[in-house]
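Inspection log for the structure reproduced underneath, given as structure tokens.
We did not get these values from a lab; they are worked out from the coordinates using the rules stated. Worth saying up front: this structure is predicted, and the values here are computed from it rather than measured. Note: ideal-geometry Cβ built from the backbone for every residue, glycine included; neighbour counts use all protein chains shown.
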Amino acid sequence: MMIELSVIRDLVAIFGVIAGFTYYVLTVRNARRNQRLQLETRQAQLFMQLFDKMWSPELAGKVTILSSMWDASDEEWLERYNSDHEFNRAFTVYAYAWEAMGTLLKKGMYDIELLALYYATGTIDEWERYRDIIHNWRLINKRSYDMWEYAYDTLKTYLEEHPELAPGP
């Protein structure tokens with residue numbers, strides 16, 4: 001039995017379509033993998049930039065100033081905040097670092113799991129220390145440090161969903 005030329009032509013066309021489709025699928029899969037790798041690389045770079053900022057000598061100095069009033073009452077803390085320019089500036093710089101973190105989280109530019117793994121205890125303790133003071137400030141400015149609170153709330157929700165990452169007692 002002899003195969004006609006039209007059948008051969010049809011088979012070549014079918015195999016060409018299959019090859020083209022296969023090439024397209026492999027190209028799309030490779031592009032997605034490359035995008036995922038680029039995103040992971042950007043996340044790692046952002047994490048390191050935030051790490052460098054949070055532990056920079058400038059910010060570490062601000063934390064040292066703030067830690068001198070960690071156990072003070074809210075009234076004592078506010079008195080110092082209102083009377084000591086250096087203390088006021090230390091808190092403002094520190095709080096704006098947290099505002100940046102919350103903004104990145106809200107915009108989906110930072111992965112909450114990284115914060116949970118790296119600094120869950122500090123995030124929770126620090127927001128809870130200043131929460132009442134900030135909530136009182138919101139009587140004047142309703143958005144006072146709202147992104148810092150967003151970071152805290154997002155972390156707490158994430159840790160409820162992933163209790164294995166929650167800090168110890």
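The phi torsions of segment 72-82, fed into the Karplus equation with coefficients 6.51, -1.76 and 1.60 and a -60° offset, translate into couplings of 6, 5, 4, 5, 5, 4, 5, 4, 5, 4, 7 Hz, rounded to whole numbers, with Gly and Pro shown as x. Fully extending the segment from ALA166 to ALA19, taken as 0.36 nm per residue of separation minus the present Cα-Cα distance, adds 47.9 nm. The label point for VAL12 and the one for ASP146, both projected 7 Å from the Cα toward the Cβ, are 6.7 nm apart. Backbone phi angles across segment 145-156, fed through the Karplus curve with coefficients 6.51, -1.76 and 1.60 (θ = phi - 60°), yield HN-Hα couplings of 6, 6, 6, 5, 5, 4, 4, 4, 4, 5, 5, 4 Hz in residue order; Gly and Pro are listed as x. Once the Cβ-Cβ distance of GLN45 and ASP125 is raised to the sixth power relative to R0 = 22 Å, the FRET efficiency obtained is 0.20. Residues in segment 111-116 carry Karplus couplings, in order, of 8, 4, 4, 4, 5, 4 Hz; the curve used is 6.51 cos²θ - 1.76 cosθ + 1.60 with θ = phi - 60°, and Gly or Pro positions show x. Lysine pairs, Cα distance under 20 Å, 8 or more residues apart or cross-chain: how many in the chain? Taking the Cα cut-off of 20 Å, the pair count is 6.
Shape class of the chain from the Cα gyration tensor (axes a ≥ b ≥ c, square roots of the eigenvalues): prolate, since a/c reaches 1.5 or more and a/b is larger than b/c. The length gained by stretching the chain between GLU86 and ASP74 to full extension, at 0.36 nm per residue less their Cα-Cα distance, is 2.5 nm.
When peptides 152-158, 32-38, 77-83 are sorted by average Cβ neighbour count within 10 Å, with the highest value leading, the order is 152-158, 77-83, 32-38. Taking every C-alpha pair closer than 8 Å and separated by at least 6 residues, the mean separation divided by the residue count of segment 1-121 gives a relative contact order of 23 percent.
Taking the Cα centre of the chain as origin and assigning +1 to Lys and Arg Cβ atoms and -1 to Asp and Glu Cβ atoms, the resulting dipole is close to 1040 debye.
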